[in-house]
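Reviewing the structure listed below.
Each reported figure results from applying straightforward, stated rules to the coordinates on display, with no laboratory input. All of these numbers come straight from a predicted model, not from anything done at the bench. A quick note on method: Cβ atoms are made from the backbone with ideal geometry, for glycine too, and the neighbour counts reach across all protein chains shown.
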Amino acid sequence: MSNQPRASGYFRTSYAQDFALLQTRMQRVSAVLFGIVLIGFPLIASAFYTDLATQVLLASIGSLSLMLLTGYAGLISLGHAGLLCAGAFTAGILFKEFGTPIWLTLPAAAIVGALLGVIFGLPSLRLRGLYLAVSTLALHFVVVYLGGEYETKRGHSTGITIDAPIVFGYELYGGATWYYVMLVFAALTLFLCINLMRTRVGRAWRAIHAHETVAEALGINVAAYKLLAFVISSAIAAVAGALFAYYRSFVSVEAFSLFLTIQYVAMVIIGGMGSLLGAILGAAFVTVFPYVIEGVLLKLPNAQAYAGQLFAVNYAGFGLVMILFLVFEPLGLVGIWHRIQTYFLLWPFKHRPVAGARK
């Protein structure tokens, strides 16, 4: 009999199985099928849905970076939009002022993000909770202010326009092209995060999140790992901002409002704290949600009368969904997914919680 672990138990019989990214046959088959669907999606989808999927992939990169910081290391940050803004303006300024190609602007954006992570991560060594959140919120206002000053002084009052980048003689232009670019970067980010959580760094973050004092007693350098969490998360977020700038061919501070930070916080909450899958599910949900609200409003009688209230309805609906998840589903979308998965893995057998089991 094969010693491969079965889906209903996930038992592992060797260290090789324990370290495998895909541990069961079902996981490997599902990953291949899902990959085929992702690769073929632009071939069957309209331009609108391809653009929507590209937005989800871009949001996934930023959501994964925030999940590392908040979901795993347990550090609160309200400066995510500022990091995206920093990466976008780094790419825009380098292109506008020096004509720098994309293969240099992306690493530059990562370096800028890492430096900001060091500067604004230092308060995390002394501050906790709400005080830390407020200190990271300062990052947003500082970066947005500097970006606005650059726009004003350089005469880009309406924003910075960026030409389509050229890679190996091929111009990255068009919805399908950028879909595949974002798919590659999202896959690389997910692969990086998965492997990072399997290293000593990831285990240290989990320990700090669980109990900082105990982690320090076990010999973990809490200060160093906290700072490292800010650096890595900020660098990834800044790269996401640079990709956003190239994708939209335009950079403006108006695109990085405080509401964007709230959206990314909602992604990790709605998706499920402490789960990379949750970060992706949350990114998809938060990105698609406004379009769903708009579609519902357009189906109502006399839809034109609600057109001016669409933004307010989006805000209200967004807040209501966050409250509902916090109250009724604290594990987020990933918790729902795990229950569905468990049901089908155990079907047709039912199990009862131990506390309610009959003798």
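Under a Gaussian network description of the chain, with springs only between Cα atoms under 10 Å, the residue in 324, 84, 139 that fluctuates furthest is 324. Rounded to the nearest 10 degrees, the angle from helix 276-299 to the longest Cα principal axis of the chain is 60 degrees. With springs only between Cα atoms under 10 Å, which of 277, 64, 125 fluctuates most in a Gaussian network model of the chain? Maximum fluctuation in the GNM of the chain, among the listed residues, is at 125. Residues 51, 163, ranked from the fewest to the most other C-beta atoms within 10 Å, line up as 163, 51. Which of the aspartates and glutamates could be linked to residue 96 by a straight reach, that is with a Cα gap under 15 Å, when you skip same-chain ones fewer than 8 residues away? The qualifying aspartates and glutamates are 151, 163. At full extension, residue 167 and residue 211 could sit 11.2 nm farther apart than now, given 0.36 nm per residue minus the alpha carbon distance. Here 96, 299 are placed in order of increasing Cβ neighbour count within 10 Å, fewest first, which gives 299, 96.
In the range 141-172, which chymotrypsin sites (Phe, Trp or Tyr not before Pro) fall in coil by DSSP and have 11 or fewer other Cβ atoms within 10 Å?
The qualifying sites are 168.
Mind checking Rg over Rh on the range 277-338, alpha carbons, Kirkwood formula for Rh?
Taking Rh as the inverse mean 1/r over Cα pairs, Rg/Rh reads 1.06.
Axis of helix 25-44 versus longest Cα principal axis of the chain: the two differ by about 30°, to the nearest ten degrees. In the range 40-356, the inverse of the mean reciprocal separation of distinct Cα atoms equals 20.8 Å; this is its Kirkwood hydrodynamic radius.
For the chain, modelled as a GNM whose springs connect Cα atoms under 10 angstrom apart, the maximal fluctuation among 315, 246, 131 occurs at 315.
What does the charge add up to near residue 207, with Lys and Arg as +1, Asp and Glu as -1, over the other residues with Cβ less than 14 Å from its Cβ? Spelling it out: positives minus negatives among the neighbours equals +2.
The angle separating the long axis of helix 200-210 from the principal Cα axis of greatest extent in the chain is about 80 degrees.
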